[in-house]
1. ³J(HN,Hα) across segment 31-38 via Karplus (A = 6.51, B = -1.76, C = 1.60, θ = phi - 60°), whole Hz, x for Gly/Pro?
2. Placing +1 at every Lys and Arg Cβ and -1 at every Asp and Glu Cβ, with all other atoms neutral, what dipole size does segment 91-143 have around its Cα centre, in debye to the nearest 20?
3. How big is the accessible area of Leu10 in square angstrom, nearest 10, if you roll a 1.4 angstrom probe over the protein chains?
4. What is the sum of charges around Glu117, taking Lys and Arg as +1, Asp and Glu as -1, for the other residues whose C-beta is under 10 Å from the C-beta of Glu117?
5. Tell me which residues come under 5 Å, amide H to amide H, from Ala26 once H is placed; ignore anything under 5 positions away on its chain.
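The values are calculated or read from the model by the stated rules, or taken from the named source; none is laboratory data. Predicted, not measured: the structure shown is a model, and the values here were computed from it. We place every Cβ from the backbone using ideal geometry, glycine too, and count neighbours over all the protein chains shown. Side chains included, ligands, DNA and RNA excluded: accessible areas come from the protein's heavy atoms. Shrake-Rupley method; radii C 1.70, N 1.55, O 1.52, S 1.80 Å.
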Amino acid sequence: MPTNDIHDALHLIAEIDVPTERPRWAWWTPGDATRYHATLINAAPSTNTIGTAPGGTFRALVITIDLFSARPISIVIPRPTGDEDRYTADEWVYRRFPGGWWAGIRPLLAALGWTPETDRDTTYRSTDHQDITTAQRDQGTPR
């Protein structure tokens with residue numbers, strides 16, 4: 001399994017999106033220096049899932065931080081089912097994902113095409129921190 005640091009979102013997605021018998025993953029270290037463990041999976045739907053793919057599974061990006069503790073923190077980000085639920089800062093807050101992860105994860109979502117067509121920049125942008133803060137304030141979500 002690849003364990004190298006990859007700083008380019010398109011390269012990371014190409015690295016982990018290779019069908020093999022074993023899950024493929026890579027380390028993602030965006031400009032904010034947080035180190036994420038990222039992989040793509042086909043997940044089984046649950047009652048909390050928004051939309052499913054044909055065949056009873058859906059594509060998801062799994063991100064984990066703090067792998068060196070007894071309790072690492074992970075989130076599962078399902079592929080959007082349509083244009084109206086592609087990931088923006090507002091959609092991220094609406095889905096109750098951790099706001100602090102937005103700036104680091106957004107380039108990966110853009111590389112997957114899971115963001116609106118107007119936001120397919122796959123580079124880390126410090127302005128994403130401002131976008132998520134605004135979205136949290138507008139939706140009344142605690143930081």
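1. Rounded to whole hertz, the list is x, 8, 6, 5, 9, 10, 9, 10.
2. 220 debye
3. Near enough 100 Å² of accessible area.
4. 0
5. Long-range HN contacts for Ala26: Ala38.
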